[in-house]
Amino acid sequence: MPLLDPPLPLAERGRLKWGKLYGAAAALAIAEAAQAHDAPYLVIAPTARDAEQLREEILFFAKGALDVHVFPDLETLPYDGFSGHPDITSARLSALATLPHAKRGIWTVAIDTLLQRLAPRSYTQSHSLSIHTGEALDLEAFRARLTAAGYAAVTQVVAHGEFAVRGSLIDVFPMGSELPFRIDLFDRDVESIRHFDPDTQRSLQKLDRIRLLPARETPLDPDSVREFRRRYRLRFGGDLSEHVIYRDVSAGIAPGGIEYYLPLFFDLTSHLFDYLPPQTILVDYNEALAAADTLWTSIAQRHEQLAHDRQRPILDPAELYLSPSELIDRQEAWRKIELRNFAWPPETAGVFKNFPTSQPADVRIDTRSEKPVDALLAHLRSVHGRVLLAAESGGRRELLLDLLRARNVTPRVFDSFAEFAAGDADLGITVTAAVSGLKLDHPPLQILTESQLFGERARQERRRRRADRDPARILKELTDLRVGAPVVHET
């Protein structure tokens, strides 16, 4: 039974406004809508951090029932002279390969990532390879196709975009795969295909068929290089032998920052809207789309700063990004939900719904006090409804349980939110670092997180874990040159 039961824009180009979705209620509403309606959802967030946080919270509420993904940002600034990590490219190519065929599921994306122009849909399809056991495989032709798709020949495969040939064994780590593959040939026939562990090189489970995506978002096969050189010469003048981008691509090398020359590889570029299935529903989270003007101004300023390098000339912003007017035109064709934390006023135009949620409460545990959980117990006595405590690790869960058991209160332990929601326990506890606080007025239900219970210390610990997990993203958010997206401090 849905807790929020959100209405859906079922009519073509339908518009809805959802409001008063505080804390994790926004993720709960999106998760329930996506489970109730067989359609893909694209959730547009103000920043990359918001996109990742929404994904984690949606997964918490819909664990096992939905596929939830982030379409990753490149994690570079416009016109940077270096490229993103291969794992980012892998995740982006995987999304571009699967999204056009999706029947349901959720993708979150930051608005600045949504503005980026992409390779056309035909590129991923034409540069993908499918292999199955029993088929005849021309080893030299296969090696040439991998090279044309951007894979690097190495002696031992350890990272995405690499392949190695050792006699009758072919190891390849394709984009979009969590593990590399080992292809064993018997003469010219594919005898077996297995995953293998890149650390131990030990073969794992067998597979019948695999699909290999291209190794990067820009092609480097001879025809593409020839077209790049032709377009580059038409676009830029001067002594091209001094231009590192032109020189490296001519030699079949992908230089750092090649993504910002993507239009020179294709007759036409695409954007994420071109990859969406026609039944997709857009969710504009907290006016993310309205940030396009500010982002566009920042991109233009960045272009002005770097446009005078004669050895590394750059393309105009309109060649690499959707302009604000183009963004308006593209998103108008889709059904859309405008989701806000605050309540829509009665005079709001169009169809809207304000949900029965409130700001999550702060209920502090004072570990230095003789009675550290008194405030929490007082809060629990005042609640008319159910409460789920969210500990960020198994150890923290045991700490909370010990503190409460000392006062003769024993929450029931749950493995997931779905298990708690389906039960009848008034007080439960689970382990998750994903979700923020939640307070539903009807039906009455609360989630109390460590940030609510332990305050700033818990927030600092969560920031530290995120920095350990993704230092590139944290560094990007802290730089003053972040394209129009201010650093958002958790509160």
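The values are calculated or read from the model by the stated rules, or taken from the named source; none is laboratory data. Please read these numbers as outputs of a predicted model, since none were measured by experiment. Neighbour counts run over all protein chains shown; Cβ positions are idealised from the backbone, glycine included. Protein only, heavy atoms only, side chains kept; ligands, DNA and RNA dropped before computing areas. Shrake-Rupley method; radii C 1.70, N 1.55, O 1.52, S 1.80 Å.
Listed values, structure above:
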| read-out | value |
| --- | --- |
| Answer from Ser90, Ser94 - the residue that is open to solvent by 30 Å² or more (accessible area, probe 1.4 Å) and of a type in the set (Ser, Thr, Tyr) | Ser94 |
| Subset of region 198-214 that is buried (at least 21 other Cβ atoms within 10 Å of the Cβ) and in contact with a Pro (Cβ under 8 Å, 6 or more places away or on another chain) - its residue that is nearest to Thr133 (Cα to Cα) | Leu212 |
| Top-ranked residue in region 226-266 [being touching a residue at least 24 places away in the same chain (Cβ under 8 Å) and among the acidic types (Asp, Glu); ranked as farthest from Lys103 (Cα to Cα)] | Glu242 |
| Helices (runs of 4 or more DSSP H) wholly inside region 107-223 containing at least 1 residues that are aliphatic (A, V, I, L, M) | 111-114, 139-148 |
| Subset of region 200-214 (residues that are out of contact with any Leu (no Cβ under 8 Å at 6 or more places or on another chain), touching a residue at least 24 places away in the same chain (Cβ under 8 Å) and at negative phi) | Leu207, Asp208, Arg209, Ile210 |
| Top-ranked residue in region 418-436 [being assigned to a helix (DSSP H, G or I) and out of contact with any Phe, Trp or Tyr (no Cβ under 7 Å at 6 or more places or on another chain); ranked as farthest from Phe61 (Cα to Cα)] | Ala422 |
| Selection count where residues are within 20 Å of Val225 (Cβ to Cβ), open to solvent by 10 Å² or more (accessible area, probe 1.4 Å) and in contact with a Ser or Thr (Cβ under 9 Å, 6 or more places away or on another chain), scope region 124-149 | 1 |
| Pair list, Cβ < 8 Å and 6+ apart or interchain, from region 336-348 residues that are open to solvent by 50 Å² or more (accessible area, probe 1.4 Å) to residues that are not β-branched (Val, Ile, Thr) and not in a strand (DSSP E or B) | Phe342/Lys20 |
| Count of region 418-453 residues which are more than 14 Å from Ala361 (Cβ to Cβ), surrounded by fewer than 20 Cβ atoms within 10 Å (Cβ to Cβ) and out of contact with any Asp or Glu (no Cβ under 8 Å at 6 or more places or on another chain) | 11 |
| Matching residues in region 401-417 - criterion: being in contact with a helix residue (DSSP H, G or I) (Cβ under 9 Å, 6 or more places away or on another chain) and either open to solvent by less than 100 Å² (accessible area, probe 1.4 Å) or in a loop (DSSP other than H, G, I, E, B) (or both) | Leu403, Leu404, Arg407, Val409, Thr410, Pro411, Val413, Phe414, Ser416, Phe417 |
| Number of positions in region 367-380 that are of a type outside the set (Val, Ile, Thr), open to solvent by 50 Å² or more (accessible area, probe 1.4 Å) and modelled with pLDDT under 90 | 3 |
| Top-ranked residue of region 100-123 - restricted to ones that are charged (D, E, K, R) and more than 15 Å from the chain's Cα centre (by Cα), ranked as surrounded by the fewest Cβ atoms within 10 Å (Cβ to Cβ) | Lys103 |
| Criterion (over 21 Å from Gln359 (Cα atoms), of a type in the set (A, V, I, L, M, F, W, C) and in contact (Cβ under 8 Å) with a residue 60 or more places away in the chain) met by exactly one of Ala29, Ala65, Ala25 | Ala65 |
| Every residue from region 152-197 that is hydroxyl-bearing (Ser, Thr, Tyr) and either over 29 Å from the mean Cα position of the chain (by Cα) or open to solvent by 40 Å² or more (accessible area, probe 1.4 Å) (or both) | Thr155, Ser168, Ser192 |
| Tally, over region 349-360, of residues that are surrounded by fewer than 15 Cβ atoms within 10 Å (Cβ to Cβ), closer than 17 Å to Asp284 by Cβ and touching a residue at least 40 places away in the same chain (Cβ under 8 Å) | 2 |
| Test for Leu268: is it among the hydrophobic types (A, V, I, L, M, F, W, C), assigned to a helix (DSSP H, G or I) and more than 24 Å from the chain's Cα centre (by Cα) | no |
| Residue within region 269-280 that is buried (at least 16 other Cβ atoms within 10 Å of the Cβ), of a type in the set (S, T, N, Q) and closer than 30 Å to Ala25 by Cα present | yes |
| Every residue from region 381-400 that is surrounded by 15 or more Cβ atoms within 10 Å (Cβ to Cβ) and assigned to a loop (DSSP other than H, G, I, E, B) | Val383, Glu392 |
| Residue list for region 58-85, filter: among the charged types (D, E, K, R) and touching a Gly at 6+ places or on another chain (Cβ under 9 Å) | Asp67, Asp73, Glu75, Asp80 |
| Residue within region 148-167 that is among the basic types (Lys, Arg), farther than 19 Å from Arg194 by Cα and free of Cβ contacts under 8 Å to residues at least 60 places away in the same chain present | no |
| Test result for Arg230, at pLDDT 95 or above and open to solvent by 80 Å² or more (accessible area, probe 1.4 Å) | yes |
